[in-house]
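One structure is given below, encoded as structure tokens.
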Amino acid sequence: MPNSVIRVGVVVFPGSNCDQDMIDALSAYPEVSVNKLWHKEHDLQQSDLVVLPGGFSFGDYLRSGAIARFSPIMREVIDFAGKGGNVFGVCNGFQVLCESGLLPGALLHNTSNRFICRNTWIMPEPNNSAITAKLAPGQALQVPIAHGEGRFYANEDTLRMIRDEQQVIFRYCSEYGEKADEYNPNGAIEHIAGICNQKRNVFGMMPHPERAADAVLGNTDGRLILDSLMHTLFDLPALVLDTHNAHSVVS
Amino acid sequence: MKFIAEIDIMPHKALLDPQGKAVSGSMKNLGLPEITDVRIGKHISLLVEAESETEAKTKVEKACRELLANPIMEDFSFSLKSA
Amino acid sequence: MKFIAEIDIMPHKALLDPQGKAVSGSMKNLGLPEITDVRIGKHISLLVEAESETEAKTKVEKACRELLANPIMEDFSFSLKSA
Amino acid sequence: MQTTDQLTTVETAKKLGLLPEEFERIKEILGRTPNFTELSIFSVMWSEHCSYKNSIVWLKTLPREGAGMLAKAGEENAGLVDIGKGYACAFKIESHNHPSALEPYQGAATGVGGINRDIFTMGARPVAQLNSLRFGNLKLDKTRWLLKGVVKGIGDYGNAFGIPVLGGEVFFDPCYNENPLVNAMSVGIVKVGETASATSYGAGNHVYIVGSSTGKDGIHGATFASGDLNEESAKDLPAVQVGDPFQEKLLLEATLEVIKTGAIIGMQDMGAAGITCSTSEMSAKGEHGMNIWLDKVPTRQEGMQAWEILLSESQERMLMVVEAGREAEVEAVFDKWDLHHAIIGEVIEGGRLKYYMKGELVADVPANDLVLGGGAPIYHREYKEPAYFSETKKFDINSIPEPDNLKEIALHLLGHPNIASKRWVYDQYDSMVGTANISTNKPADAGLLYLKDTGKVLAMTVDCNARYVHADPETGASIAVAEAARNLVCSGAKPLGVTNCLNFGNPYNPEVYWQFVGAIKGMGAACRAFDTPVTGGNVSFYNQTVLDNSTVPVFPTPTIGMIGLMDSPEEAMGLGFESAGDLIFMLGSSRNDISSSQYLSSWHKVALSPAPAFNINDELVLQAALATLTKGKLIESAHDVSDGGLFVTLAESGFVNSLGCDIQSEQ
């Protein structure tokens, strides 16, 4: 694909507060132009990828993401996704995607009944989706979470579909990739931290890759996830991926 | 005409309700071990302007189904009375 | 005997209800501008073991007053029926 | 000119918390007897909280000048410090102690809301928060209820508002059993020249109220004196103010956007005394008056009276004066953010504030006579050394037997709530939003915020060991400033400025006021020595426990918030041991001194002993040496020896990368 400009639209709801963080992280790719999509607009500005950032849209009142789904822009996002457009939701963005039916399941209150903000480890699932395609299999990644309603839940039928269609993209685990309740911060069913839809063009995850995407902050595991997504979707040169993978294959 | 709707939204029975579990636990140190199975949901009251009770009912039904309750995890029920 | 209590806990009318305000505001996006004055509180259901309905009533009263409702912020009301 | 409201007496004044002589002064100022609305205005403006009448004399002795200072303390809501490359830092700390004791969740939440409004009302975007919390004995159910509520309130409000928490402290002592201290600090960044000011001028300019509608929040004092308090009105009095972080986020974004239009003459957030305070302070500053039509104020409850609207402390509201003719431009920004706004008045010549209700003049008062620095009273309180102070001098270290079970004591200290990990608390705060918190993956003695626009790093900390200040207010307060500076220097930063939150007992108690005066003297001396001017802060009196026959003040707690700067992230210094084989040095001299230590207090249960030995010149030499070591990258990490002493410091440095240490003491 020629090195033309890739347009990414980051939706801003009243109450979103990680929009600028996501814009900073994506602006690191020279070929990408990132612009804000105000929730009252109807125009996705020809975006090749729409991102729903973290935050507390509408104060997370009633349920996280419940009210945001009725913003005018969401009609366009649902339509865009229906036509195969790529949509990526992080934390509050994942909650909005579930509330709007673009992704199955729901995000319930953490079992601790408390907001949790800390580093966690997540394991990419080999499910040939753009977001995990380029990640080293079996290699846990340290990516921070910050949420009060992050416990993924789906009923039996939906869970069976998610399993059969291999829609899980990340699960919580230990530093060494072990999956057990003690490494699951919020009680998510089957340790699910992120999923994609059947057509693999809509991705949602609770952990924040944009918060681990800058060497100044001492952790670039999140950049690997963004690299995998941007490389697979738009053939962009990875910023960190190659050095990391080479390193992980050797060690 | 104005109607008042009193809506109860409760998590599905099958769902783990950590808040309810925590409150059930603290009933003991309140000296009320006879209280069990605490389940916590939302109670919502609202005013709806409608020509008739049936029309009011349809409007509240739509509000619950599309916004106030998430069918994946919650059931809802409501009563209507004229304001 | 076992009784089921259905408890509604609502913020005092004089208090600001940020959640209610935000949900009221979003009703227009739902095409339901006729719905106003949304107020959001808790609905709690629980089981209580007691000799009589009056005894059950006192126990639920105590649970509400000391744990379930915050008297500074909330009013409570409940109904009882035998399980 | 006679307003129609019924006239007041000295009895009404007393019920409103005013002294008889203050009532006389008001009659002199007005040249007549004030009506109830006017007297209520004076009562809130001359309250301790707004006028600082019992503390301003001493606050003025603190150093407020400094090379890097842009706005002097007191001029604006929060002092402004130059942080280079055309940027300035606005930072302030404030208390919400009494509301949190009543309702911990909302009390703490509205405290976070209030302090952040003080920052963005100056045009600065809040970029980091800290909080200093003090509770009673953790074994009491009440303490656990307060702790849970306060931490959840701070978390829920701050997380929704989207500003990372970069630091803080939690301290437990029985003196706070009934009266917790909740001090919240906010740090903001603004381009020099793009600030907004709390002023009002230009006759004909419109006065706007923006944000939440007004309810009968926080006006208890005035209510009980209104005489017409009946069962009905008491019932609908909200005992507590409810915070709305979502509304605050809209207010933040709209405020910063509307300042950029250039159409704003001045603005101020509405905190204590709501509309009364903002209209009078802005008018006094701009040397103009206002006509205010109270019936135009959007209200949340029906039938609110003039004085209720004037005194209401409803949250998330701003007062803005907009240049005449540019209303549409400004209202477009408010509408974009779905913010309620209404024109409630206009600027007029002269210095009078004229409040109307449905066309009828209900209050006519001079702005300047209401405000701090204007006509508000200033008192010189008497103070005398308390009896316990001489008792502290009697402590003799030789009376403490050298224990043989050192391991048991070590575990006692590491497990004590004042020293043990506070992860249970800070994991409930979003510390990473903004993707600029360097200390997340590199723990340091201060919170470190990377400034994406300039490449520099802002360091910040809150510190105060109140046990030291109780033992000796002057030395204790100097130590609080020195320790804050030491934390910044250990993290690689140069200290720039201080904000303070002065939590004390009843100022009319001479022994309490002795503590206050001593603390101010010690703080001033240390701030001058470290060249960290005081940019502003807050005074909270009446922090005490009322028993049947006496009132016991909490420990005198002058919480210090300090910021510092370093040129780049490479200069940031962590507190953890980096690699095995590294040598460990201790800077500074060790003395046989366990006075006021955690060990002496909780292991030996000794309540009275002097403050630890402290010499400000030794501290300056130590910090200068340390700064050379960190700047020159000659060391791998640095950690300040504080609560729990050297043993705890070594343990904490080991925890970070799971490393141990092999220490030889001289014997």
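So if I average 1/r over every pair of distinct C-alpha atoms in the protein assembly as shown and take the inverse, what Kirkwood radius in Å does that give?
Averaging 1/r across every pair of different Cα atoms and inverting gives 30.9 Å.
Quick check for you: with a 1.4 Å probe and neighbouring chains kept, what is the accessible area per residue of chain D, in Å²?
38
Given R₀ = 41 Å, what would the calculated FRET efficiency be for A:Asn35 paired with A:Glu175, taking r from the Cβ atoms and rounding to 0.05? Please list the in-between numbers first.
Working: r = 37 Å, r/R0 = 0.91.
Result of the calculation: an efficiency of 0.65.
Mind listing the label-point distances from C:Asn29 to the same position on all other copies, shortest first, one decimal in nm, points 7 Å along Cα→Cβ?
4.1
Work out the mean other chain Cβ neighbour count within 10 Å for the residues of D:236-244 and drop it here as an integer.
5
How many angstrom lie between the C-alpha centres of the range A:15-75 and the range D:518-572?
What the calculation gives is 41 Å, centre to centre.
Restricted to Cα positions, what overall size does chain B have along the principal axes? Three whole-Å values, descending.
Sorted largest first, the three principal extents are 50, 27, 13 Å.
Looking at chain D, identify the longest residue range that excludes and avoids all GluC sites (Glu not before Pro) in DSSP loops having at most 10 other Cβ atoms within 10 Å.
D:383-665
For the rotation taking B to C, I'd like to know which residue in chain B has the C-beta closest to the axis, plus that distance in Å.
B:His43, 2
What spacing in nm lies between the two simple spin-label points modelled at D:Glu385 and D:Lys142, each 7 Å away from Cα in the Cβ direction?
3.4
Need one value: the accessible area of D:Thr255 in square angstrom, 1.4 angstrom probe, rounded to the nearest 10.
Estimated to the nearest 10 Å², D:Thr255 gives 0 Å².
Could you tell me the distance between the Cα centroids of the range C:1-60 and the range A:175-196, to the nearest Å?
The range C:1-60 and the range A:175-196 have Cα centres spaced 34 Å from each other.
With the Cα gyration tensor of the range A:6-234 giving a ≥ b ≥ c as the square roots of its eigenvalues, does the rule (a/c under 1.5 for rounded; else a/b larger than b/c for prolate; else oblate) give rounded, prolate or oblate?
Rounded is the answer for the range A:6-234, as its axis ratio a/c remains below 1.5.
Filter the trypsin sites (Lys or Arg not before Pro) in chain B down to the DSSP loop ones having no more than 14 other Cβ atoms within 10 Å, then list what survives.
B:Lys13
Please compute, for peptide C:24-33, the average count of beta-carbon atoms on other protein chains lying within 10 Å of each residue's beta-carbon.
That works out to 5 on average.
If you average the sequence gap of Cα pairs under 8 Å that are 6 or more apart and divide by the length of chain B, what percent do you get for the contact order?
Relative contact order here is 53 percent.
Helix-derived [θ] at 222 nm for the protein assembly as shown: sum -39500 (n - 2.57) over DSSP H runs of at least 4, divide by residue count, nearest 500? Can you show the working numbers first?
Values: 33 runs with 334 residues, N = 1084.
For the protein assembly as shown, the value works out to -9000 deg cm²/dmol.
I'd like the antiparallel share, as a percent to the nearest 5, of DSSP beta bridges with both residues in the range A:6-234.
Values: 22 of 40 bridges.
About 55 percent, rounded to the nearest 5.
Expressed as a whole percentage, what fraction of the accessible surface of the range C:2-82 belongs to carbon and sulfur atoms when a 1.4 Å probe is rolled over the protein heavy atoms?
56
Considering Cα pairs under 8 angstrom that are at least six residues apart, work out the relative contact order of the range A:6-234 and quote it in whole percent.
After rounding, I find 19 percent.
Could you report the accessible area of D:Cys490 in Å², rounded to 10, computed with a 1.4 Å probe on the protein chains as they sit in the structure?
For D:Cys490, the solvent-accessible surface is approximately 10 Å².
Lysines within cross-link reach of D:Lys15: Cα-Cα under 22 Å, excluding same-chain residues under 8 positions apart?
Hits, sequence-local ones excluded: D:Lys27, D:Lys53, D:Lys216, D:Lys235.
So which trypsin sites (Lys or Arg not before Pro) in the range A:1-60 are both in a DSSP loop and have at most 16 other Cβ atoms within 10 Å of their Cβ?
A:Lys40
Show which lysines lie in cross-link reach of D:Lys85 when reach means a straight Cα distance below 16 angstrom and same-chain residues fewer than eight apart are skipped.
In chain and number order, the partners are D:Lys191, D:Lys452, D:Lys456.
One decimal, nm, shortest first: give the distances between the label point of B:Arg65 and those of the same position in the other copies, each label point 7 Å from Cα along Cα→Cβ.
Nearest to farthest, the other copies are at 4.4 nm.
Sequence gap at least 6, Cα distance under 8 Å: using those rules, report the relative contact order of chain D to the nearest whole percent.
Averaging sequence separation for qualifying contacts and normalising by length gives 16 percent for chain D.
Report A:Arg171's accessible area, 1.4 Å probe, all protein chains in place, as a number in Å² to the nearest 10.
For A:Arg171, the solvent-accessible surface is approximately 40 Å².
How shielded is A:110-121 by partner chains, expressed as the average number of their Cβ atoms within 10 Å of its Cβ atoms?
Counting Cβ atoms of other protein chains within 10 Å of each residue's Cβ and averaging gives 5.
Which of rounded, prolate, oblate describes the range D:36-153, given a ≥ b ≥ c as roots of the alpha-carbon gyration tensor eigenvalues and a/c under 1.5 marking rounded, otherwise prolate only if a/b is larger than b/c?
Verdict is oblate for the range D:36-153.
Of the trypsin sites (Lys or Arg not before Pro) in the range A:59-125, which ones lie in a loop per DSSP and count no more than 10 other C-beta atoms within 10 Å?
A:Lys83
Just grab the label-to-label distance for D:Lys296 and C:Ile4, each label 7 Å out from Cα along the Cβ direction, in nm (one decimal).
For D:Lys296 paired with C:Ile4, the spin-label model returns 5.6 nm.
Taking both sides together, what accessible area is buried at the D/A interface, probe 1.4 Å, expressed in Å² and rounded to the nearest 100?
Protein heavy atoms only, the D-A interface buries about 2500 Å².
Which order do peptides D:535-543, D:581-589 fall in by mean Cβ count within 10 Å, highest first?
The densest-packed peptide leads the list: D:535-543, D:581-589.
Quote the total accessible area buried by chains B and C together, excluding ligands, DNA and RNA, probe 1.4 Å, nearest 100 Å².
2600
Take D:Val546 and D:Glu402, extend 7 Å from each Cα along the Cα→Cβ direction, and tell me the distance between the two endpoints in nm.
Between D:Val546 and D:Glu402, the label points sit 5.2 nm apart.
In terms of Cα to Cα distance under 19 Å, which lysines are near enough to C:Lys28, apart from those fewer than 8 places away along the same chain?
Partners found: A:Lys40, B:Lys2, B:Lys57, B:Lys59, B:Lys62, D:Lys336.
The values are calculated or read from the model by the stated rules, or taken from the named source; none is laboratory data. Worth saying up front: this structure is predicted, and the values here are computed from it rather than measured. Note that each Cβ is placed from the backbone with ideal geometry, even for glycine, and that neighbours are counted across all protein chains shown. Remember, those area values only see protein heavy atoms, side chains included, never the ligands or the DNA or RNA. Shrake-Rupley method; radii C 1.70, N 1.55, O 1.52, S 1.80 Å.
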